[in-house]
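Okay, structure first, notes after.
The values are calculated or read from the model by the stated rules, or taken from the named source; none is laboratory data. Keep in mind that this is a model prediction, so the values were computed, not measured. Neighbour counts are summed over all protein chains in view; Cβ atoms, including those assigned to glycine, are modelled from backbone coordinates with ideal geometry.
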Amino acid sequence: MDKLDTKQLIIATFYKLIAEKGYDKASINDLVKETNLSKGAIYHHFNNKDDIFIATIEFIFSSMMQTDFLDINNITKENYKLILKSMGNNILNFNKIDPYYSKFQFEFINQAFRMPKVKEYLIKSLENYLEIFNNFFDYLYQKNFISNKKDPKIISQLFFMMLDSMVLYKTLDIPFNFEENWEKFIDLILDEGE
């Protein structure tokens, strides 16, 4: 196994361990057991558990930022609401595809309170997503797809907060009719009668 494969194995395994056990309970010994690597092999790539956690966040963050989930080149007056509704449903369904994602995100937020580097990544990711939504809703405003009575920055912030809240509900397994409420929310914030 080459260095890159070993490093990726450590990151992928740590991602799963964090989601299953939480940051505080996941250990280097767990990594050794799950990866069949020696401690020396793990410490060859990382100084400590915090470094592995930061590398895992960096990997997830860079992967997600490469995804162009709101491509304005494909937006029309006829499809923008459908795209928004689908995006929210896709984010919620992502938890079904990757059962570790929400729980890892929860630990990511928890550790931001004690690790300055993690807090820095959390703030950066929130700012990046908000910028994507700001650009998207500004585009809708500029094309007159949404009313000039609506502030696109406020809409994007509400949109982002609702997505975050729904992911939190999903992470905590709180019963909630996600799909129906998401669609009603989109209709509500984009209602042209307002």
* Asked: Conditions: (1) assigned to a helix (DSSP H, G or I); (2) farther than 18 Å from I10 by Cα; (3) of a type outside the set (F, W, Y); (4) free of Cβ contacts under 8 Å to residues at least 24 places away in the same chain. S62 meets all but one. Number of the miss?
  -> (2)
* Asked: For residues in the stretch 48-95 being under 22 Å from L140 (Cβ atoms) and among the small types (G, A, S), which is modelled with the highest pLDDT?
  -> S86
* Flag if S102 is on the phi < 0 side of the Ramachandran plot, crowded, with 18+ Cβ neighbours inside 10 Å and polar (S, T, N, Q) -> yes
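This table checks each residue for (1) surrounded by fewer than 18 Cβ atoms within 10 Å (Cβ to Cβ); (2) at negative phi; (3) among the polar types (S, T, N, Q).
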site	(1), (2), (3)
D5	yes, yes, no
L17	no, yes, no
K21	yes, yes, no
K33	yes, yes, no
D50	yes, yes, no
T56	no, yes, yes
* Asked: Are any residues in the stretch 105-124 surrounded by 14 or more Cβ atoms within 10 Å (Cβ to Cβ), over 30 Å from E183 (Cβ atoms) and either among the hydrophobic types (A, V, I, L, M, F, W, C) or touching a His at 6+ places or on another chain (Cβ under 6 Å) (or both), and if so, which ones?
  -> A112, M115, V118
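Would you point out which residue out of N134, N177, N148 is polar (S, T, N, Q), within 20 Å of I75 (Cα to Cα) and loosely packed, with under 13 Cβ neighbours inside 10 Å?
Selected residue: N148, the only one of N134, N177, N148 that is polar (S, T, N, Q), within 20 Å of I75 (Cα to Cα) and loosely packed, with under 13 Cβ neighbours inside 10 Å.
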* **Complete set of residues in the stretch 136-194 that are of a type in the set (D, E, K, R) and touching a residue at least 60 places away in the same chain (Cβ under 8 Å)** => K143, K170, E179, E183, D187
